[in-house]
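See below for the structure under consideration.
The values are calculated or read from the model by the stated rules, or taken from the named source; none is laboratory data. Because the structure is a prediction, the values reported are computed rather than measured. Ideal geometry is used to build each Cβ from the backbone, glycine not excepted, and the neighbour counts take in all protein chains shown.
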Amino acid sequence: MNLPTSQRPLARRIFKGLAVLALLVVLGTAALLGAMRVEHGISTTLPAPTGPFAVARAVYDWTDDKTFDPLAPVPGTKRELLVWIWYPAAAGPASTPSSATYGYLPDAVRMAVERSSGVLFSKFLTRDLSKVHGHSRGNAEVSPQQRSFPVVMMRAGASAEVWNYSTLAEDLASHGYVVIGFDAPYRTHVVAFPDGRVMQRLPQNNPELCEGMTGGDQDRCATRLLSAWTADMTFVLDHLEQLNTSDASGRFTGRLDMTRVGVFGHSFGGAAALQFCHDDARCKAGIDLDGAPHGSVVQSGVDRPFMILLSDHSGEHDPEGSQVMANLQSIYDHLPPDGRAFLEIRGANHFLFSDDGALLKSHIVMRMLRLFGVVGIDGRRQLAVTSYCLRSFFDAELSGGKFGISWSPYPEIRVVE
């Protein structure tokens, strides 16, 4: 259809305007990607641990010869875990292997993570993992300043790798704790073993899928995964007891105080910490970082010291969130009165309890999220507040200290009524 002569100039102006707008969008996108690509290659250092001990890290491949992995694709597969241990280190120089086997991540782990993440995520939205620097040394002896150290088991959220929580682990270790985390094949996003095998999570083992279900389906899904997660934790504690009795390297023999065991986890890992402390008497104190509870603990509660530490949920009023809060409140109400805490970090985001959310993701992306109100607190600040709460509670319940927030240096901490 031909436009009247009088309308042709207007049509041309509209067309040119749209063309200019499209060009600006393309140029803006290219500039944003270019800036993110440059930022990707900038070195990043995790927050320094705040305790008096130097920190070291060891990585192990542990296999359970007695039980099978219920989430493996092939029946009869033995349970196998990649175990990470952060611990107080002896002062002085340590023999640190090459970056191929050490660093923030061993090269084999880093390359497996990058391959599984895709180009956009691994080259633009996050930092170059080879240029991320932690504070853990390699091949160091355990500090001689104490005869033994309390043990804290750490569980990652959903399908995240446990090394994603190195900041929290290093800070606890610097305060005199041996911190144990682990990655499990078929449920952790990607697990790269020292012998070169790489195993990825199976879709049906993703805890986030359970959240999309309703009623009995959600309960069955969560219970199936939760039982496997807590069984992993049982195996790790069993193996730690063996390591404490007789470590082939001699490093940990007699150095683990297995009478003082704490457990904490983030998100679904927090749910696992709750259930494990309900099931296993070896757990002397636990912490749930922003995890919705599942399993029998919802009805039965926990009979030992426990802290619930949440991100900021003040703007959430949906029925599902209200039910989660009601479940957490019920669990809290049945905790020992002299060994409990129910706290919230103002402005905190669920995904910023890890290195990945707070430190490794692009600052450009993080600033945009803060601009739109998705994130309300600086990532390093959230980690500092979280580390303070973790060590303060474990100091009180595992090391004979006192816990309270009245003298806290962080006004973001709020007591949940």
- prompt: Going through region 279-289 one residue at a time, which ones are within 21 Å of the chain's Cα centre (by Cα) and either free of Cβ contacts under 8 Å to residues at least 12 places away in the same chain or farther than 11 Å from Gly262 by Cβ (or both)?
  reply: Asp288, Leu289
field: Tabulated pairs, region 199-219, first without any contact (Cβ under 8 Å) to a residue 24 or more places away in the chain, second among the β-branched types (Val, Ile, Thr), C-beta under 8 angstrom, 6+ apart or interchain
entry: Met199/Val190; Met199/Val191
message: Please determine whether any residue of region 80-90 is in contact with a strand residue (DSSP E or B) (Cβ under 8 Å, 6 or more places away or on another chain), farther than 20 Å from Glu170 by Cα and modelled with pLDDT of 95 or more.
response: yes
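How about region 179-210: which of its residues are assigned to a loop (DSSP other than H, G, I, E, B) and within 24 Å of Val263 (Cβ to Cβ)? Working first, answer last.
Here is the first cut: in region 179-210, the ones assigned to a loop (DSSP other than H, G, I, E, B) are 184-189, 193-197, 201-202, 206.
Passing the criteria: Ala184, Pro185, Tyr186, Arg187, Thr188, His189, Arg201, Asn206.
Listed here are the residues, each with its yes/no results for (1) under 16 Å from Val416 (Cα atoms); (2) buried (at least 24 other Cβ atoms within 10 Å of the Cβ).
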residue	(1), (2)
Thr230	no, no
Leu240	no, no
Ala248	no, no
Met258	no, no
Gln299	no, no
Phe306	yes, yes
His313	yes, no
message: Which numbered condition in (1) buried (at least 20 other Cβ atoms within 10 Å of the Cβ); (2) closer than 17 Å to Asp280 by Cβ; (3) acidic (Asp, Glu) is the only one that Asp183 fails?
response: (2)
message: Step by step: first the residues of region 127-169, then only those that are assigned to a helix (DSSP H, G or I) and over 13 Å from the mean Cα position of the chain (by Cα), then the one that is surrounded by the fewest Cβ atoms within 10 Å (Cβ to Cβ). Which residue is that?
response: Lys131
query: Looking at (1) modelled with pLDDT of 95 or more; (2) closer than 23 Å to Glu344 by Cβ, can you tell me which one Leu237 breaks?
result: (2)
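Could you please give the count of residues in region 53-71 that are part of a strand (DSSP E or B) and either among the polar types (S, T, N, Q) or in contact (Cβ under 8 Å) with a residue 60 or more places away in the chain (or both)? Outline the logic, then answer.
Step one: list which residues in region 53-71 are part of a strand (DSSP E or B), which gives 54-68.
Filter once more, so that each one left must be either among the polar types (S, T, N, Q) or in contact (Cβ under 8 Å) with a residue 60 or more places away in the chain (or both): 54-59, 61-64, 67.
Residues that pass the stated criteria total 11.
Would you mind stating whether Ser399 is within 25 Å of Val151 (Cβ to Cβ), surrounded by 15 or more Cβ atoms within 10 Å (Cβ to Cβ) and at pLDDT 95 or above?
On the way: within 25 Å of Val151 (Cβ to Cβ): yes; surrounded by 15 or more Cβ atoms within 10 Å (Cβ to Cβ): yes; at pLDDT 95 or above: no.
Judged against the criteria, Ser399 is not a match.
Given the criterion on the phi < 0 side of the Ramachandran plot, modelled with pLDDT under 95 and among the hydrophobic types (A, V, I, L, M, F, W, C), identify the matching residue among Val297, Val302, Val324.
Numbers: Val297 fails: modelled with pLDDT under 95; Val302 fails: modelled with pLDDT under 95.
None of the others qualify; the one that does is Val324.
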task: Determine, yes or no, whether Gly270 is within 25 Å of Thr188 (Cα to Cα) and in contact (Cβ under 8 Å) with a residue 40 or more places away in the chain.
output: yes
Failed item in (1) modelled with pLDDT of 95 or more; (2) out of contact with any helix residue (DSSP H, G or I) (no Cβ under 8 Å at 6 or more places or on another chain); (3) assigned to a helix (DSSP H, G or I), with Gly176 passing the rest: (3)
